[in-house]
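The block underneath contains the structure these notes are about, expressed in structure tokens.
The values are calculated or read from the model by the stated rules, or taken from the named source; none is laboratory data. These numbers come from a predicted model, not from an experiment. Cβ atoms come from the backbone with ideal geometry, glycine included; neighbour counts cover every protein chain shown. Note: accessible area is taken over every heavy atom of the protein model, side chains too, but ligands, DNA and RNA are not part of it. Shrake-Rupley method; radii C 1.70, N 1.55, O 1.52, S 1.80 Å.
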Amino acid sequence: MSSKNLIYIYCVLIVLCACLAFPLRAERQRACAVDSALVALDIEIGRAGEYRARKENKISMLRNMLVRSRSAKERFMLSHSLYDEYRFYQSDSAYVYARAMADEAARSGDQIEENSARIALMECYTTVGLFKEAAEQLAEIDKSLLPREDVPEFLDICCKLYQNMESYVGNWKPLNTVYHDLRRDVYREIDTIVPPDMFIHATSRIERERMDNEPLEKSIAGRLAICNMTDATDHQQAVNASLLGAYYRVCGDTDKAIYWLAMSAIFDIRSCTRETTAAKDLAWEMYLRGDLHRANRYIHLALDDANFYGSRIRSIEINSMMPTIESSRYMVLSNQRLLLIFVVATVVCLLLLSLYLFIKLKKRNRRLNESHLEIRQKSQELEDANANLQHLNANLSDLNGLLKEANEIKDQYIIQSLYGNSDFVGDVEGKVRVAVAKIKSGHADKALKPLSEIGIKRERERMFNSFDSAFLKLFPNFIDEFNKLFPPEHRILTQGETLPTEIRIFALMRLGISNPSEVANYLNLSVNTVYVYKTKIKSRSAVDKDDFDSLVMSIPKP
């Protein structure tokens, strides 16, 4: 085979691998997104009690305010607020406060309040399936009296009513067509009245396109585009996500359907919405996927919501699905139980066999252990002896180092002392000889001058300089290491080979002269002055005062 053909085959293989890799990567990303959404939902289910506690606290506060209120207007507004809190939370309580709104409006005779109460009652009736009563309330509403900001929500409730009535009559053409046309008219009115940037306007346009049998992909794109609209409430986002999940179920895209149903359930939990469909639909998708644990958890979540809200229709739908999920889960648990029994029996047999082998081998191992114990004891004795020997060698090495350092210090200072003392003795001897000659010649008064010229102070300075020179030869790095114990602004500078008095104190300490009396005597200072110098130096250091002396003593000799 030619090299050209090999190169061609190699290129084809690379292209095929790339084509296979991209779908696999996209599939992994989709699976990761679905799993993340389900994990987030499980977390939110655990936090549902916190959200509901906050809602109950708010409801309790509004109830207390309602009890204490004296104004009819205030009672109506508080009843309206309580209705808003209950409308998607609990149908019976929502109806109670919708009736309270109607009663307060009837007493006050305010037509705007009467319209608001009728809208609330219409929504209550629509939610529980009492469409005749809802239509009666709608017929009595004077739309011209509604505040402009309330019109979009009113039209949205009308759409829900007509859509539910259209679904209720099914394919019975006369009424089906009537409700279908009424809903279309309301959508057109929303397009005319509601600003285009509002969530209700966008959902109305998408629903009208669905009525006109536009491609489902177009509706999906529209729903995805409004997911991040700022004016949408958590409940509206939950409805939007639920519809996206339904669309993807129709398209057969199970992963995306599960993702959006999970997102819808998350928004329902956060908004404390108990009138839901997402958890029920998601439970069925989990059942089809084989995740029976989540299917069981989500179907019970949906049933709890339906029972709490008081939705009979939802309870019937859920109860029709629950036996299928529960039976499948029961079968899985039964199979797991049988498998567990088999595994336990196998493990017991293996344990008995292991016990027999253990007893048989234990006798043999006992003899081996006894011989191993003797070997280990001898080995341990050898290791201990070796460790002691190493320890002694290390101590001897340290001791030799200290002796070497002490000898060098001793030799250096003996040489300096010999030269210094011989010079000083010669100088003193000359001065004394002159003084004696003066005294013998009868000039005792002139003998004071040569005696006064004996340079005690100069000799002491020469002695200190000699000490400094010898010390810096022994420890040329002492000043640098000593300065490392201080911050930059307190570091000590030296001039040539002369040490300041306070540094000389610590130099003597490094040489092993740590007794304050000996240091004071050598430096011609008082003991108190030595303590003052040391305290002053330590107060400027960057290290702990208790560690300062040991750090000075650890300055190495190069």
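Computed values, structure above
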{"quantity": "Residue match in the stretch 106-129 (condition: within 17 Å of Phe76 (Cα to Cα), modelled with pLDDT of 90 or more, of a type in the set (A, V, I, L, M) and surrounded by fewer than 20 Cβ atoms within 10 Å (Cβ to Cβ))", "calculated": "yes"}
{"quantity": "Set Ser469, Ser541: member being within 52 Å of the chain's Cα centre (by Cα) and without any contact (Cβ under 8 Å) to a residue 60 or more places away in the chain", "calculated": "Ser541"}
{"quantity": "Restricting the stretch 228-278 to residues that are acidic (Asp, Glu) and in a helix (DSSP H, G or I), the residue that is most open to solvent (accessible area, probe 1.4 Å)", "calculated": "Asp234"}
{"quantity": "Unmet criterion (only one of (1) exposed (fewer than 13 other Cβ atoms within 10 Å of the Cβ); (2) modelled with pLDDT under 85; (3) not aliphatic (A, V, I, L, M)) for Ser554", "calculated": "(2)"}
{"quantity": "In the stretch 472-483, the residues that are over 20 Å from Phe548 (Cα atoms) and free of Cβ contacts under 8 Å to residues at least 40 places away in the same chain", "calculated": "Leu472"}
{"quantity": "Pairs with Cβ under 8 Å, 6+ apart, first in the stretch 35-47 and open to solvent by less than 30 Å² (accessible area, probe 1.4 Å), second hydroxyl-bearing (Ser, Thr, Tyr)", "calculated": "Ala37/Tyr259"}
{"quantity": "Qualifying residue in the stretch 527-546 (condition: of a type in the set (A, V, I, L, M, F, W, C), within 18 Å of Met463 (Cβ to Cβ) and surrounded by 14 or more Cβ atoms within 10 Å (Cβ to Cβ))", "calculated": "yes"}
{"quantity": "Flag if Phe424 is at pLDDT below 70 and either open to solvent by 80 Å² or more (accessible area, probe 1.4 Å) or touching a helix residue (DSSP H, G or I) at 6+ places or on another chain (Cβ under 9 Å) (or both)", "calculated": "yes"}
{"quantity": "Complete set of residues in the stretch 312-361 that are in contact (Cβ under 8 Å) with a residue 24 or more places away in the chain, open to solvent by 80 Å² or more (accessible area, probe 1.4 Å) and not hydrophobic (A, V, I, L, M, F, W, C)", "calculated": "Arg312"}
{"quantity": "The stretch 152-184, subset under 19 Å from Tyr125 (Cα atoms) and of a type in the set (Val, Ile, Thr), residue most open to solvent (accessible area, probe 1.4 Å)", "calculated": "Val169"}
{"quantity": "Subset of the stretch 218-227 (residues that are part of a helix (DSSP H, G or I) and closer than 30 Å to Glu44 by Cα)", "calculated": "Ser219, Ile220, Ala221, Gly222, Arg223, Leu224, Ala225"}
{"quantity": "Residues located in the stretch 539-552, provided they are in contact with a helix residue (DSSP H, G or I) (Cβ under 8 Å, 6 or more places away or on another chain) and part of a helix (DSSP H, G or I)", "calculated": "Ser539, Arg540, Lys545, Phe548, Asp549, Val552"}
{"quantity": "Hits in the stretch 507-538 - residues which are of a type in the set (Val, Ile, Thr) and assigned to a helix (DSSP H, G or I)", "calculated": "Val519, Val527, Thr529, Val530, Val532, Thr535, Ile537"}
{"quantity": "Residue check, Arg289 of a type in the set (Lys, Arg) and open to solvent by less than 40 Å² (accessible area, probe 1.4 Å)", "calculated": "no"}
{"quantity": "Members of the stretch 184-203 that are more than 25 Å from Tyr89 (Cβ to Cβ), part of a helix (DSSP H, G or I) and in contact with a helix residue (DSSP H, G or I) (Cβ under 8 Å, 6 or more places away or on another chain)", "calculated": "Arg184, Val186, Tyr187, Arg188, Glu189, Ile190, Asp191, Ile193, His201, Ala202"}
{"quantity": "Those residues of the stretch 472-484 which are open to solvent by 30 Å² or more (accessible area, probe 1.4 Å) and under 53 Å from the mean Cα position of the chain (by Cα), in sequence order", "calculated": "Pro476, Asn477, Asp480, Glu481, Lys484"}
{"quantity": "Filtered residues of the stretch 62-120 (kept if outside any helix (DSSP H, G or I) and of a type in the set (Gly, Ala, Ser))", "calculated": "Ser69, Ser71, Gly109"}
{"quantity": "Looking only at the stretch 185-209, and only at residues there that are open to solvent by 40 Å² or more (accessible area, probe 1.4 Å) and among the charged types (D, E, K, R), the one that is farthest from the chain's Cα centre (by Cα)", "calculated": "Asp185"}
